[in-house]
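Novice: The following block contains the structure, expressed as structure tokens.
The values are calculated or read from the model by the stated rules, or taken from the named source; none is laboratory data. Everything numeric in this text was worked out from a predicted model, so none of it was measured. Because the Cβ atoms are built from the backbone with ideal geometry, glycine has one as well, and the counts that use them run over all protein chains shown. Surface areas here come from the heavy atoms of the whole protein model, side chains and all, with no ligands, DNA or RNA. Shrake-Rupley method; radii C 1.70, N 1.55, O 1.52, S 1.80 Å.
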Amino acid sequence: MGPFSIFGKGGECRAKLERNTSMKYPVASRILLGILLLSLVSWAGCGTTKRLYSKARPGVNSGLKKRILLLPFMDQAGVGAVRVREMKIRFISLLNKDKEFLVTEGSQQAISTARIKSPVFGIAVDPEQVKKAREMGMNALVTVVLPPYELYAKKAGIWPFRRIKRKLEIAVVVNAFDVTNGTLFLTKLESRKIRLPNLDEMDLEALEPSAYEKRLEKQFDKSEIDEKKLAKALKQIVKSQASALREALVEQPWAGRILSTDSGSIIIDAGKDVGLRQGFVFEVFGRGEPITCADGRTLYPLGQKVGEIKVRQVRARSSLAIPLQGGPFAHGQEIRPKG
């Protein structure tokens with residue numbers, strides 16, 4: 001899959017709500033009520049914890065739209081330009097069904113291996129793409145990859161009626177990067193398997209051993225793929241991936257930057273396009289201590305709070321703000337809506 005690596009899926013929190021009907025007295029009833037309330041909290045599980053955590057993080061529920069740069073789908077499987085375009089249109093439609101995001105389709109640039117240092121297990125992205133996304137004022141950079149098909153084959157039946165049963169795994173990988181700090185906040189592999197026509201083992205045994213193995217394990221004819229089954233599988237995958245990305249983006253705090261400062265006026269990279277209004281207050285943060293990653297990149301986590309600024313004039317894609325407290329304010333400092 002090139003420079004992309006897949007990590008495991010997240011787990012779920014589940015809880016069982018149990019009822020106790022043996023208590024008949026007032027005190028016992030109060031205890032039972034308390035148990036039921038606690039059970040309800042447990043039943044809500046990680047979802048409740050997640051929502052409470054989200055509310056505590058600045059910028060998560062700000063109401064501001066997030067700008068998303070979606071790079072062209074990388075078709076390593078060879079499904080074809082027409083089908084990839086259909087997938088992309090559906091993906092964007094499902095992702096942005098409530099118009100919470102501003103999705104911009106980017107142009108794919110050739111990735112220079114000289115510019116990328118990737119560990120054995122890791123996900124690399126062209127630093128120029130991240131830089132471009134940052135200059136465009138994006139909140140997230142999203143890549144979608146269709147890795148090569150995986151063929152699975154096994155023998156079934158009794159000789160001389162033995163057959164080779166085959167399945168083809170179709171997969172889509174979605175990666176989402178936080179443009180502000182350059183970190184990956186989502187990587188997800190979603191796949192489906194579709195059946196291919198069985199092979200007659202006796203026909204295969206007539207081949208040379210090397211040709212047998214090659215035919216069985218590594219090759220298949222694309223004409224063997226049922227187009228309806230393939231379309232159905234890709235549709236299901238796109239729906240699942242759009243839902244996962246949507247959830248991850250909603251949970252990401254909104255963040256922007258100070259573009260410039262001049263004579264007490266501060267220009268920020270947010271405007272009417274993201275739903276910004278006059279009087280909006282942002283907290284301003286400096287850069288934290290740099291962290292060098294295994295792949296050679298340098299990340300800058302959120303630093304100490306510098307102060308607060310207030311929006312005085314809203315423009316199309318930028319706004320004018322004034323200092324409210326703290327400082328000094330400078331180009332490149334991160335801004336987040338005050339919770």
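Novice: Does Gly137 qualify as being modelled with pLDDT of 80 or more, small (Gly, Ala, Ser) and farther than 24 Å from Ala171 by Cα?
Specialist: So Gly137 fits the description; yes.
Novice: Name the residue, out of Gln278, Gln333, that is of a type outside the set (Phe, Trp, Tyr) and more than 26 Å from the chain's Cα centre (by Cα).
Specialist: From the options Gln278, Gln333, the qualifying one is Gln278.
Novice: Within segment 145-164, is even one residue of a type in the set (Phe, Trp, Tyr), modelled with pLDDT of 85 or more and touching a Ser or Thr at 6+ places or on another chain (Cβ under 9 Å)?
Specialist: Looking for residues that are of a type in the set (Phe, Trp, Tyr), modelled with pLDDT of 85 or more and touching a Ser or Thr at 6+ places or on another chain (Cβ under 9 Å), one finds none in segment 145-164, hence no.
Novice: So which of Ser112, Ser107, Ser93 ends up being more than 20 Å from Ala255 (Cβ to Cβ), surrounded by fewer than 18 Cβ atoms within 10 Å (Cβ to Cβ), small (Gly, Ala, Ser) and modelled with pLDDT of 90 or more?
Specialist: It is Ser93.
Novice: Out of Lys305, Lys235, I need the residue that is open to solvent by 70 Å² or more (accessible area, probe 1.4 Å), of a type in the set (D, E, K, R) and more than 22 Å from Pro337 (Cα to Cα). Which one?
Specialist: Lys235
Novice: Give the residue that is least open to solvent (accessible area, probe 1.4 Å), with candidates limited to residues of segment 246-273 that are in contact with a strand residue (DSSP E or B) (Cβ under 7 Å, 6 or more places away or on another chain), free of Cβ contacts under 8 Å to residues at least 60 places away in the same chain and assigned to a loop (DSSP other than H, G, I, E, B).
Specialist: So, considering only residues that are in contact with a strand residue (DSSP E or B) (Cβ under 7 Å, 6 or more places away or on another chain), free of Cβ contacts under 8 Å to residues at least 60 places away in the same chain and assigned to a loop (DSSP other than H, G, I, E, B), the one least open to solvent (accessible area, probe 1.4 Å) is Gly271.
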